[in-house]
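Notes follow the structure.
The values are calculated or read from the model by the stated rules, or taken from the named source; none is laboratory data. Given the structure is predicted, the values throughout are model-derived calculations rather than measurements. Here the Cβ is made from the backbone with ideal geometry for all residues, glycine too, and neighbour counts use every protein chain on show. Just the protein is used for accessible areas: all its heavy atoms, side chains included, with ligands, DNA and RNA removed. Shrake-Rupley method; radii C 1.70, N 1.55, O 1.52, S 1.80 Å.
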Amino acid sequence: QVQLVESGGGLVQPGGSLRLSCAAFGFKISDYHMNWYRQAPGKERELVAVTSNIKNIATYADSVQGRFTLSRDNTKNTVYLQMNSLKPEDTAVYYCHVPSFNSWGQGTLVTVSS
């Protein structure tokens, strides 16, 4: 059974950093593309970052380019989202997603506020 479990969210001040984790179960992340989405209150879910399993590259939404970094640890079967220089507009529930199974995690809340 495919399962994604996010963690690492919390309250952080503007300019601060957080690292989100997405632990995968039931499949090997090395075989699949992996995405991070976020959904802010009252807004639609937004694609934040995508990593390819074929090429070791990631692409980012313009709103997070240069501040967020997506990485994989295949030995831990975990995907990470390092978020730096956080802004209040980054406040959202962040979700991990594997397109091939259309499977979502439960989400982890990030709140950026002073």
Using only the alpha-carbon atoms, what does the chain span along each of its principal axes? Please give whole angstrom values in decreasing order. 39, 25, 24
Neighbour net charge for PRO14 - beta-carbon separation under 13 angstrom, K R +1, D E -1: 0
Using the scaling law 2.2 N^0.38 Å as the reference, what is the normalised Cα Rg of the range 23-63? 1.36
In a shell of Cβ-Cβ distance under 11 Å around ASN53, excluding ASN53 itself, what net charge do Lys and Arg (+1) and Asp and Glu (-1) give? +2
For the chain the mean separation of alpha carbon contacts under 8 Å (6+ apart) over residue count, i.e. relative contact order in percent, is 38 percent
Once neighbouring chains are kept in place and the probe is 1.4 Å, which whole percent of the accessible area of the chain is contributed by carbon and sulfur? 48 percent
Listed residue (HIS97, PRO41, SER71) projecting farthest to the positive dipole end of the chain, Cβ model: SER71
Under a Cβ-Cβ cut-off of 10 Å, what is the net charge of the residues other than ALA40 that fall near it, where Lys and Arg count +1 and Asp and Glu count -1? -1
Are there any GluC sites (Glu not before Pro) in the range 1-90 that are in a DSSP loop and have at most 13 other Cβ atoms within 10 Å? List them by number. GLU44
Computed over the range 1-96, protein heavy atoms only, probe 1.4 angstrom, the accessible area per residue in square angstrom equals 54 Å²
Taking every DSSP beta bridge that has both residues in the chain, what percent is antiparallel when rounded to the nearest 5? 90 percent
